[in-house]
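Student: To start, I am sharing the structure in question, which I have written as C-alpha cells.
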Amino acid sequence: MTLHALLDFAGLAIGAVYATIPLFWLTIHPLIARWRNAGRRAYFALLPLWFGYALTAFAIGWRFRHVHLYTSWLAWVPASLFLLMGFALYQAAGQGFGRARAVGLAEIEPSNYTQQLVTGGIRAKVRHPLYLAHFCELFGWMLGTGSLAVAGMLAFAAVTGAIMIRKEDDELEQRFGEAFRSYRARVSAFLPR
C-alpha cells in the first residue's frame, strides 16, 4: 500500500467518524427523555448505533475512494494547519468543560452533574468549539487527501451540523433562559468574530 493510499484510507475512516458526529447528536437529543430513563446504559445502544453510522459512511465513501478532486502533496501544508487548529480547539474546549459534558453524560444523567452554562475560556469566543474542532479536522483531511468521498462527508457534516447547532441552541435556551439568550447575542455559534 502506497503512502497516498494509506492517507486516503485514514482520511476516509477518520472522516466517517467526524462526519457522523452531528447525526449521533441528532439521535440522542430528540429522544433525550428515553435515553435519560436508561441512564449510562444508553451508551450500550448509542455507541453501536454511532459505529453503524460511521461504518455506513465509510462504506458509501469506499466506492469513491479513488476519486480525487486533486492530488498534491503541497495540499498537506494547509491541511496540517487545520488539523493542528482542530487539536488546539479540542484542548481549549476541554478546559473548564469536563469529559462528562463533552461525551453527553451530563445530558443523560442531569441529576449527577452540575447544570451550568459554560461561557469562559474558548467559549467566550465561540459557543460550539468542539464542533468547530470536528469541522477543522474533517476539513484538514479533505484538503490533504483531495478525496471526493471525504468532501462528500464534509458536506454531510456541514448540513447536519448546522441543524444540530440550531437544535442545541434551542435546548440551551430552554435550560438556561435569559443567560443563554444574552450569551448567544454576544458570542458566535461556530466561527469566532
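Student: Select from segment 138-153 the residues that are surrounded by fewer than 21 Cβ atoms within 10 Å (Cβ to Cβ) and of a type outside the set (Gly, Ala, Ser) and list them in ascending order.
Tutor: Leu148, the sole residue that qualifies.
Student: Now a separate question. So Val103 passes all but one of these: (1) open to solvent by 50 Å² or more (accessible area, probe 1.4 Å); (2) touching a residue at least 12 places away in the same chain (Cβ under 8 Å); (3) of a type in the set (A, V, I, L, M). Which condition number does it fail?
Tutor: Here Val103 clears every test but (2).
Student: Evaluate segment 62-78: report whether one residue or more is out of contact with any Pro (no Cβ under 9 Å at 6 or more places or on another chain), at pLDDT 95 or above and either open to solvent by less than 30 Å² (accessible area, probe 1.4 Å) or under 19 Å from Arg127 (Cβ atoms) (or both).
Tutor: yes
Student: Here's something else I'd like to know. Can you give me the ranges of the helices (runs of 4 or more DSSP H) entirely in segment 19-126 with at least 3 residues that are within 16 Å of Leu138 (Cβ to Cβ) and out of contact with any helix residue (DSSP H, G or I) (no Cβ under 6 Å at 6 or more places or on another chain)?
Tutor: Fully inside segment 19-126 and qualifying: 76-94.
Student: Those residues that are among the aliphatic types (A, V, I, L, M), closer than 20 Å to Glu171 by Cα and in contact (Cβ under 8 Å) with a residue 24 or more places away in the chain, I need them from segment 118-156; list them, please.
Tutor: Ala124, Val126, Leu130, Leu132
Student: Filter segment 79-100 for residues that are modelled with pLDDT of 95 or more, more than 17 Å from the chain's Cα centre (by Cα) and surrounded by fewer than 17 Cβ atoms within 10 Å (Cβ to Cβ) and give the result.
Tutor: Ser80, Leu81
Student: A further question on this structure: So in segment 176-192, with the set limited to residues that are in contact with a helix residue (DSSP H, G or I) (Cβ under 9 Å, 6 or more places away or on another chain) and open to solvent by 80 Å² or more (accessible area, probe 1.4 Å), which one is farthest from Ala133 (Cα to Cα)?
Tutor: Among those that are in contact with a helix residue (DSSP H, G or I) (Cβ under 9 Å, 6 or more places away or on another chain) and open to solvent by 80 Å² or more (accessible area, probe 1.4 Å), it is Arg181.
The values are calculated or read from the model by the stated rules, or taken from the named source; none is laboratory data. This structure is a prediction, so every number in the text was calculated from the model and none was measured. Neighbour counts run over all protein chains shown; Cβ positions are idealised from the backbone, glycine included. Ligands, DNA and RNA are excluded from the accessible area calculation, which covers all protein heavy atoms including side chains. Shrake-Rupley method; radii C 1.70, N 1.55, O 1.52, S 1.80 Å.
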